[in-house]
Amino acid sequence: FGTEPEVVSITDLHGGYFMPGATVKLVCTGYSDIEAANVIVTSPMQITCDIDLTGVMYGAWDVVVINSDGDVAVLPGGFTVNWNAFAVTYNGNGSNAGAAPVDSNPYYQNETVTVMEQGGIGRAACTFNGWNTAADGSGTNYNPGDSFPMGTSSVTLYAQWTASNLLVNPGYET
């Protein structure tokens, strides 16, 4: 959901047969309708209005105009809300085999991020021990499959490695 308090002024909503007293709203299945404010029918072919997008889900919304006589016009997907998208990047953090997983999804603030598996990365004499927001492990730990809400900036998750136990034969002499 967007968090940028933003009122957008629409100055050129075109259509036909608009009547004084018409209302405008944005509609998206699963979300509350957004009623436009300051709706002015400047001509039978044009409307201006303001829409408050604070807290609104990104994506395509239908534009609905309802004339004062009850006639309804709908422009499916006619208005798109775009917020800043953030990325989740995986860093092998000293891995010496394979490549870190790639998450190509854009994430918006408060959208759920599901932490990816190890992928093909490896590190000699080490065992993969999850991901952390800091390379040195001082940040927040995540295991594959964990989830977290996207914040206000992109996130890098660093592989965490634990040294494998090596079996040493103390009776061996050279």
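The values are calculated or read from the model by the stated rules, or taken from the named source; none is laboratory data. Quick caveat: nothing in here was measured; it's all calculated off a predicted structure. Cβ: placed from backbone, ideal geometry, glycine included. Neighbour counts: every protein chain shown. For accessibility, only protein heavy atoms count, side chains too; no ligands or nucleic acids. Shrake-Rupley method; radii C 1.70, N 1.55, O 1.52, S 1.80 Å.
Touching a residue at least 40 places away in the same chain (Cβ under 8 Å), out of contact with any Cys (no Cβ under 7 Å at 6 or more places or on another chain) and more than 30 Å from Leu157 (Cα to Cα), is that true of Ile51? So that I can check it myself, show each step before the final result.
Working: touching a residue at least 40 places away in the same chain (Cβ under 8 Å): yes; out of contact with any Cys (no Cβ under 7 Å at 6 or more places or on another chain): yes; more than 30 Å from Leu157 (Cα to Cα): yes.
Yes; evaluated as a whole, the condition is true for this residue.
What strands (runs of 3 or more DSSP E), lying completely within region 39-126, carry at least 3 residues that are more than 30 Å from Tyr17 (Cα to Cα) and open to solvent by less than 70 Å² (accessible area, probe 1.4 Å)? First the steps, then the outcome.
Working: elements: 46-52, 59-66, 72-81, 88-91, 112-114.
Strands (runs of 3 or more DSSP E) meeting the threshold: 88-91.
So which residues in region 123-151 are among the small types (Gly, Ala, Ser) and at pLDDT below 95? Step through it out loud before you land on a result.
Within region 123-151, the subset among the small types (Gly, Ala, Ser) is 124-125, 130, 134-135, 137-139, 145, 147, 151.
Answer for region 123-151, where residues must be among the small types (Gly, Ala, Ser) and at pLDDT below 95: Ala124, Ala125, Gly151.
Yes/no matrix, rows are residues, columns are (1) more than 12 Å from the chain's Cα centre (by Cα); (2) over 14 Å from Phe148 (Cα atoms):
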site: Gly77; (1), (2): yes, yes
site: Thr80; (1), (2): yes, yes
site: Asn84; (1), (2): no, yes
site: Ala87; (1), (2): no, no
site: Gly92; (1), (2): yes, yes
site: Ser95; (1), (2): yes, yes
site: Ala99; (1), (2): yes, yes
site: Val102; (1), (2): yes, yes
site: Gln109; (1), (2): no, no
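Please go through (1) open to solvent by less than 80 Å² (accessible area, probe 1.4 Å); (2) without any contact (Cβ under 8 Å) to a residue 12 or more places away in the chain for Ser32 and return the number of the only condition it doesn't satisfy.
(1)
Name the pairs whose Cβ atoms lie under 9 Å apart, with the first residue in region 127-146 and touching a residue at least 40 places away in the same chain (Cβ under 8 Å), the second open to solvent by 50 Å² or more (accessible area, probe 1.4 Å) and of a type in the set (Asp, Glu), and 6 or more positions between them or separate chains?
Correct list of pairs: Trp131/Asp146.
Could you say which residue among Gly130, Gly139 is among the small types (Gly, Ala, Ser) and under 13 Å from Thr162 (Cβ atoms)? So that I can check it myself, show each step before the final result.
Numbers: Gly139 fails: under 13 Å from Thr162 (Cβ atoms).
Only one candidate qualifies: Gly130.
Kindly provide the set of residues from region 10-29 that are surrounded by 13 or more Cβ atoms within 10 Å (Cβ to Cβ) and assigned to a loop (DSSP other than H, G, I, E, B), ordered by number. Lay out the reasoning, then the answer.
Initially, region 10-29 is screened for residues surrounded by 13 or more Cβ atoms within 10 Å (Cβ to Cβ), giving 10, 13, 15, 18-19, 22-28.
Hits for region 10-29 are Gly15, Phe18, Met19, Ala22, Cys28.
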